[in-house]
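Asks: Sharing a structure, written as structure tokens. Questions coming.
Coordinate-derived values only; no laboratory data. Because the structure is a prediction, the values reported are computed rather than measured. For neighbour counting, all protein chains shown are included, and Cβ atoms are generated from backbone atoms with ideal geometry for every residue, glycine included.
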Amino acid sequence: MSAHAHVDRPEQARVNRWSPAQLVALRVLADLLAIVLAFGLFFQMYGVTVGRGWIDRSVPAPGPYVVIAAVFAALTLLVFARQRLYRGRATVLNLWELETVVKGVLLSAALLFASLFFVRLQFDSRYVVIGAIGTAAVLLLLERRLLSSLVRRLQRMGTAGSRTLIYGCEKTGQLLMKKVLEAPHLGATVVGFLDDDVPLGSRVFCRITQTDPRLFEAPVLGRFEDLERVVEELEVEDLLIVDSSLGPERQREAIERAESLGLKVGVVPSLGDVRSDQLRVEELSAIPVLRPATPSSRRLGRWAKEAFDLVASVVLLVLSAPAWIVSAIAIRWESGSPVLFAQQRVGRDGKPFRVLKFRTMSGDAAPYASSPPGDVDPKITRVGRILRKTGLDELPQLINVIRGEMSLVGPRPEMPHLVQQYGPVERLRLTVKPGVTGLWQLSADRHAEIHENIEYDLYYVHHQSLLLDALILLETAFFTIGVLFGSLDRSSTRPLDEPSRPSPPRADEEYVLVALDQRRDEVLPESWRTCVPAAYAISDRWPVRIVVAEGNRAAVDELLRDSIRRLGADGHRSTYSPYRSRAALKRLVEGARLVVTDLDHVSDWTAEKGVDLLTVERGGLRWWPRTRVPDPVVSRLSDLVTVYIGAQEDISASAFESGATVVSMIRTGS
């Protein structure tokens, strides 16, 4: 079940919302309470230890510590404000925020002790102050995580802070929505998209957290010319423009129109195959220059990381010895197979090594097959299901860390055949040691392929530090504890069934092309009224591109509104391909698996390229096969066209779902 944003109904824009200023005030108040609570708790703990005689001291007077707590709280809030912790900034899994909190507490502590040196305030024990500051750091981290969960809930309800509209729902636009929602401290929610090439009403989905089966969804609300209407109806405050969605002229016009409406505007740059998250801004005499970011090499940091890995792995190996014993006995008892499973992976600088895991699948499972997407695969053993869910199957990789083949934190190691397909960007993963845990494992995208969400590994490569490693290990511990408690709830064991996003077909993916004559009078041609809705109906199984001339887009939108209302948009991947020239249309034909057309020259091109063809004729479709065995899409599309021809006034959704047909109108062409 997906969590609806309900942003497609304008009246919901006027519900009570938390403004950005209110969210900032909430964060300041929460930080203040965490610091006060930390000092109060530690002072009470210290008093108890003294009262029970565990420490040979007298019970301290609270007065000086109240003053110290007030000074430290004021310093911390000022430092946090100076470090921009109360201003929105989106980073991967909010790690910048957590790092900055730790650094801010350390800086505030240094300023506090410097102040105490000059003021010479009399108090009994430095241990109380140091312990309270340490407790404050822990409580601040926990408080910020809890507050993020609260704001994320408000985002899902559409009541969190500013309302963001995204222009362009292609892959970059979908990524933008996900990143806005993954950064709750931005205090923003996504109300929807504008896009010129996707049917109105289509919805874009994303998962906000890894363990929550509910999805956030946002609709395609309009076109370029609908900007003012959407902004007014939904009280939009921020517009993000995907650079590749608009040409330079239209982009400039969109920015001018947005500024005239009082919106904040942001543009995501596009440099061909260079990823936007791998660009850095460099100022050249007041002129901003975009350059590809390159990771810096810090030899001292690498040595410190390797020393930390070695010491921490030995300690963890000793502490986890009981889990090793129980897991080994359970695996051997259930399957009789070897306890450990070894598989070749690729490490730093492309060096191969054998990664170790506890065996979680039956002995006849293919060792280099793709990993099952969930824990419901029949080849996963009962013990293996528990080990996978808790992450304990990765414990033997501590041996890989001690050997120097892996690190505690880093990108996941991939199999050699996948590394062979790497491009220059993906190969950046190989500049550091692979890790037992990492950002991708903690993200909501863990259920997708690693190479589809490489931004997590690239962030780590460019920002690695001992503090970042410590925070990732801490987050891993929190996540594992949450999974262990969540496993007690039966509902948490159901698979996460994320519907396909209604994204445009990939450049390398074959699609069904609908290329109908764009010349028309006031009455829409019958071929449009039958083939366009039928093509949308099959886009839940096959990606579809519909050729649309600029002046016909509104008419096609109107045709599809009823289909979207009846069928929904979950998983439907249809997109408009603007008609610009015959050459561009010919290129579309070359990339298609099947072409539906009533144009003679398009039919000729399909014959030249050996593409399957359905020609539109009165009363049905004629199939001109490339092979004697029809493509499954041919039968499905023909059935739906027949339904439309026979019952254009009242088409039931059940007819689409069952694929029922009155009479098959397919005729084989000669």
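Asks: Starting from 0 in steps of 5 Å, tell me what percent of the Cα-Cα pairs of the range 158-272 lands in each bin.
Replies: 2, 12, 24, 26, 21, 11, 4, 1, 0
Asks: Compute and list, largest first, the equivalent-ellipsoid semi-axes of the range 153-206 from the alpha carbon gyration tensor, each √(5λ) rounded to a whole angstrom.
Replies: 20, 11, 9
Asks: Which lysines, if any, have their Cα less than 20 Å from the Cα of residue 264, not counting same-chain residues under 8 positions apart?
Replies: In chain and number order, the partners are 178, 179.
Asks: Let me ask something else. What is the calculated FRET efficiency for residue 250 to residue 52, with r their C-beta to C-beta distance and R₀ = 60 Å, to the nearest 0.05?
Replies: 0.20
Asks: Figure the gain on full extension for residue 349 and residue 67 (residue separation times 0.36 nm, minus the Cα-Cα span) and round it to one decimal in nm.
Replies: That works out to 96.1 nm of additional length.
Asks: Which whole-number percent is the relative contact order of the range 158-272 (Cα, under 8 Å, 6+ apart)?
Replies: 27 percent
Asks: Give me the distance in nm between label points sitting 7 Å out from Cα along the Cα-to-Cβ direction at residue 316 and residue 590, one decimal.
Replies: Taking the two extended label points, one gets 5.1 nm.
Asks: Sequence-distant or interchain residues sharing an amide H contact under 5 Å with residue 579, placed H: which?
Replies: 548, 549, 550
Asks: Would you mind computing, in nm to one decimal, how far apart the modelled labels at residue 339 and residue 157 are, each placed 7 Å from Cα along Cα→Cβ?
Replies: Here the answer is 5.0 nm between the modelled labels.
Asks: Could you sort 183-190, 317-324 so that the peptide with the highest average Cβ count within 10 Å comes first and the rest follow in order?
Replies: With the highest mean Cβ count within 10 Å placed first, the list reads 183-190, 317-324.
Asks: Also, I was wondering about something else. Stretch residue 74-residue 480 to full length: gain in nm at 0.36 nm per residue minus the Cα-Cα span?
Replies: Here the answer is 142.7 nm.
Asks: With each pseudo-label sitting 7 Å past Cα toward Cβ, what's the residue 541-residue 465 distance in nm, one decimal?
Replies: Roughly 5.4 nm, to one decimal.
Asks: Please arrange 18, 303 by how many other C-beta atoms lie within 10 Å of their C-beta, fewest to most.
Replies: 303, 18
Asks: Right, here's the next one. Using r as the Cβ-Cβ distance of residue 225 and residue 146, and R0 as 35 Å, what FRET efficiency do you calculate, to the nearest 0.05?
Replies: Once the sixth-power term is evaluated, E becomes 0.20.
Asks: Length gain on complete extension for the stretch residue 386 to residue 304, per 0.36 nm per residue less the alpha carbon to alpha carbon distance?
Replies: Result: 26.1 nm gained on full extension.
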